[in-house]
Amino acid sequence: MMTRLMATERQGALILSGLVALAGLILAAAGRGDPMGVHGWITLVFAGGVLLIALRALDAPEPTEDRLASYYDDPTKVGILLALFWAVVGMGMGVWVAAQLAWPELRFDAPWSSFGRLRPVHTSGVIFGFGGNALIATSFHVMQRTSRARLAGHLSPWFVLLGFNLFCLVAASGYLMGVTQSKEYAEPEWYADIWLVIVWVVYFVLYMRTLARRNEPHIYVANWYYLAFILVVAMLHIVNNLAVPASFGAAKSYSAFAGVQDAMTQWWYGHNAVAFFLTAGFLGMLYYFLPKRAERPIYSYRLSILSFWGIVFFYIWAGSHHLHYTALPQWVQTLGMTFSVMLLVPSWASAGNALMTLNGAWHKVRDDATLRFMMLAAVFYGLSTFEGSFMAVRAVNSLSHYTDWTVGHVHAGAMGWVALISFGSIYAVVPLLWRKEAMYSWKLVESHFWLALAGTVIYVFAMWNSGITQGLMWRTYTESGTLAYSFTETLVAMRPYYIARVIGGALFLAGAVIGAYNVYMTIRVAGHQAPQIDYPTGSEANEPAVPAAE
Amino acid sequence: MSVRERDPLTGHETTGHEWNGITELNTRVPRVIWWAVGITHVWALIYWVLMPAWPLVTTYTRGLLGYDDQERVERQVAAAYAVRTDWTTALATLPAEEVRQDAALMSHVARTAPSLFGDNCAGCHGADAAGGPGFPSLVDNAWLWGGEAEAIMETLRVGINAPHPDSRWAQMPAFGETDILTRPQVRIVVDYVQSLSGLETVATQERLAEGEILFAENCASCHGEDAAGNRDLGAPNLTDDAWVYGGDDAVMFETIHNGRQGWMPAWEGRLTTAERMMLTLYIQDLGEEAGR
């Protein structure tokens, strides 16, 4: 892949990775005896590896391909493989921590293997590792195709992809060492946060530059969503992570906010991470891969507009519903709740738009598991957005808050929506990227689909039962006006559901492992086939330019 | 290349845009969506008018209903207390024997005490109150500080080796570490104490005789000449089959050699007198049930 870069780009890669390695060395030196030092070494080794790859290809001949006649897909390919790697790691961790809740002995008494340290490895591994890589990879793919333009730059996509994965690596290893800001989904410490800002700004610039090169007069819906994802995540990340490092030699910082302001900032971030990372970006995926696979026009352009602006406008207000009945002033709770309910309409408009697009292609949904992944994702998107708005109502929240119902809701979204649309998109795009006839085995795609569906349903039902039981037990009073159940009794009542959750999670993980294997085998053995058109075409004339060299 | 086409399936026109084969229909937004937008927005508007909702510069719109979370929760908490006041006052003031005579009071105890025990005691003493190494069983009728209601109430109030100013205080000295006894002597005492509670021992008569002397010199001051313990000092009875830390060789060696000083929190300030009374009655009954 290095040899497809021009000599100047390879030199650039060398310099960049050298600079990152140097930063790692400084971090290692400044953080001696602290987890920050370990992160320095990890950065050094990571950047050193990239540097070696660049060095080995430094004297390679200049590439001969006509770059304007093809899309640049190497970063997409690597991104998809990384997404699958993180899927297996992140979901594996999820099954482990779920099992710890049912069988606490599985904690094994080591500090790093305690629930509190493994859980963020699971959440970050799945959301950022799997979801993030899938988003970056598909955004590169979709942006080029819908703009009929090659990526603007050959170094920056790599910088974005590898830089982001370095962030994920630092985050996950930090959790195991006990490094955390104690902010959910924003656990990594200050130096990792600063690094992510750099990576993200490069991502944004790359995206805008590519968009500016487009050979299409209009910007496709998917790109609105990807753009919203990139832009708003940058804003959220920067504001919520404003902090003062306790020292420049250690992984410890203090938030710029205190008390209820800190809580509100965190959940403004947290809920919009759900909105703009886990929703907007994946809607971008849905809007491209679903109509593409179904070969049907989007049901309604007007509905797309309504739901896009509805989603980006209403979501930003909704975060305070995470803090109902707390020290947060009631008027903030009111706004969070009412905006959450108004948000339901554009959310369902999106889900409806996707499902109505399938009209005329339902026979394909029946026959094609890849399209079925996307269809089911849209269904779960509708279900979990309804559930989210419902749970945001204060009266409902007074029962559901702090219970497993929340966990079930998040997983209906993460497994049913985010993971299913990602897997569907991956199955759609892998044969195209690697120039293959089809996936290695459609039967494996089919079994992945059923495992994922069964796993999600078992998981979500278990958590609904567990959460509602838990919430009701907490609020049950005796005739004497005293609490009827001790906390331990609620745990005993939840245990069967915890075991069911392990089973559901394990099925889902098994599906992901099968998916990774299927992708691997597709790359290794599936038959070669070049698609008819998969290269940029000029804007005026629609006739194809010279097809790209394979 | 803005060519509008008509989708044969739906009869709707496309927008004329095309991206890598994807087109869009220009379908109207279905009426049901506009209805839903209208309903949710009107509902939100009504809610804003009725409830605290929008920030102003130094205050916020309070809403026509005058609803206030803070005030409401205070009222509810006060109401909940009021419902319980009659019987909790009785529990806090009457002696245990009188409470036991009152069936109505005892039914409150029966309903409330299990979850109180589960939330406050079970963490150490176990859900079945049978204890574990370092945490005494509460159902074996072997009491360190006494099993009468007054004694249990006091233990709950002040704790054992707790930061409470009146805390009960007890320490098993580290006879080995402080060189009061040599390691072989500690082993002799272990054998002797095991023989007291009828545990099988292979020790010779001479060894036991030596143990008796060591016991009298070092242990009897707290555990008593007859080794039956002393509840004023929290010294366990060594002649029964109840062990706080365990009665096997290794554990007993550790106990005598390194000493012990367990602790129990003081519950005054964390639980009310009425709650402590309920727990007292509850664990007395647990012990009796187990004894039967």
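The values are calculated or read from the model by the stated rules, or taken from the named source; none is laboratory data. Keep in mind the model is a prediction, meaning the values are calculated, not measured. Cβ sites come from the backbone with ideal geometry, for glycine too, and all protein chains shown count toward neighbours. Keep in mind that these areas ignore ligands, DNA and RNA; they rest on the heavy atoms of the full protein, side chains included. Shrake-Rupley method; radii C 1.70, N 1.55, O 1.52, S 1.80 Å.
In terms of its C-alpha gyration tensor, the range A:182-236 comes out oblate, because a/c is 1.5 or above while a/b does not outweigh b/c. Shape analysis of the range A:1-103 places it in the oblate category; the axes a ≥ b ≥ c from the Cα gyration tensor give an a/c of at least 1.5, with a/b not above b/c.
Computed over chain B, the Cα gyration tensor eigenvalues convert (square root of 5λ each) into semi-axes of 69, 31, 18 Å, ordered from largest to smallest.
Helix B:183-196 and the longest principal axis of the C-alpha atoms of chain B enclose an angle of approximately 90°. Element breakdown for chain B at a 1.4 angstrom probe: carbon and sulfur atoms account for 56% of the accessible area.
Straight-line cross-link reach from A:Lys364 at under 17 Å between alpha-carbon atoms covers these lysines, not counting any fewer than eight positions away in the same chain: A:Lys292, A:Lys443.
Considering just Cα atoms, how many Å³ per residue does the convex hull of the range B:1-67 enclose?
Roughly 151 Å³ of hull volume per residue.
Applying the criteria of a DSSP loop state and at most 16 other Cβ atoms within 10 Å to the chymotrypsin sites (Phe, Trp or Tyr not before Pro) of the range B:168-265 yields B:Trp169, B:Trp263.
By Kyte-Doolittle mean hydropathy of at least 0.5 and Cα axial length of at least 27 Å, which whole DSSP H helices of chain A are selected?
The qualifying helices are A:7-30, A:35-56, A:74-102, A:156-176, A:190-212, A:221-240, A:330-357, A:369-391, A:442-474, A:487-525.
Give me the percent relative contact order of the range B:1-67, please, defined on Cα pairs under 8 angstrom at least 6 residues apart.
Once divided by the residue count of the range B:1-67, the mean separation gives 16 percent.
Against chain B, whose longest principal axis comes from its Cα atoms, helix B:69-93 is set at around 30 degrees. For chain A, the solvent-accessible area works out to 38 Å² per residue, with a probe of 1.4 Å and every protein chain left in place.
Across the range A:1-58, C-alpha contacts under 8 Å between residues 6 or more apart give a mean separation that, scaled by the residue count, equals a relative contact order of 42 percent.
Looking at the P(r) of chain A, how many percent of alpha-carbon pairs lie beyond 46 Å? Summing the P(r) tail past 46 Å for chain A gives 12 percent. The residues neighbouring B:Gly146, those whose beta-carbon lies less than 10 Å from its own, together hold a net charge of -3 under the Lys/Arg +1, Asp/Glu -1 convention. Quick one: with all protein chains in place, what share of the accessible area of the range A:301-358 is carbon or sulfur, to the nearest percent (1.4 Å probe)? Result for the range A:301-358: 79 percent of the exposed heavy-atom area is carbon or sulfur. Sorting the segments A:322-331, A:302-311 by their residues' average number of neighbouring beta-carbon atoms within 10 angstrom, most packed first, yields A:302-311, A:322-331. Convex hull volume per residue, computed on the Cα atoms of the range A:1-58, equals 51 Å³. The contact between chain B and chain A removes approximately 4400 Å² from the accessible area (both sides summed; 1.4 Å probe; ligands, DNA and RNA excluded). Solvent-accessible area per residue in the range B:1-67 equals 65 Å², computed with a 1.4 angstrom probe and all protein chains kept. Which of the residues in the range A:304-340 show a loss of at least 40 Å² in accessible area from their chain by itself to the complete set of protein chains, at a probe of 1.4 Å? Those residues are A:Leu306, A:Gln330, A:Trp331, A:Thr334, A:Leu335, A:Met337, A:Thr338.
When the surface is traced with a 1.4 Å probe over the full set of protein chains, A:Met391 keeps roughly 10 Å² accessible.
For the range A:1-58, the fraction of 1.4 Å probe accessible surface lying on carbon and sulfur atoms is 77 percent.
The mean count of C-beta atoms from other chains within 10 Å of the C-beta of residues in B:108-121, rounded to a whole number, is 4. Its relative contact order, with pairs defined as Cα atoms under 8 Å and 6+ residues apart, puts chain A at 15 percent.
Burial here means at least 40 square angstrom less accessible surface with every protein chain in place than with the chain by itself, probed at 1.4 Å; in the range A:248-297 the buried residues are A:Lys292, A:Arg296, A:Pro297.
Rolling a 1.4 Å probe across all protein chains gives A:Tyr520 an accessible area of roughly 120 Å². Contact residues in the range A:458-483 (at least 10 Å² less accessible area with all protein chains than alone, 1.4 Å probe): A:Thr478, A:Glu479, A:Ser480, A:Gly481, A:Thr482, A:Leu483. Packing-based ranking of B:100-113, A:247-260 yields B:100-113, A:247-260, ordered from highest to lowest mean Cβ neighbour count within 10 Å.
Using only Cα atoms, locate the centre of the range B:113-175 and the centre of the range A:439-484, then give the distance between them in Å, rounded to an integer. The range B:113-175 and the range A:439-484 have Cα centres spaced 39 Å from each other. Taking each DSSP H run with n ≥ 4 as -39500 (n - 2.57) and averaging over every residue of chain B yields -15500 deg cm²/dmol at 222 nm. The residues of the range B:183-258 have, on average, 56 Å² of accessible surface per residue, using a 1.4 Å probe with all protein chains present.
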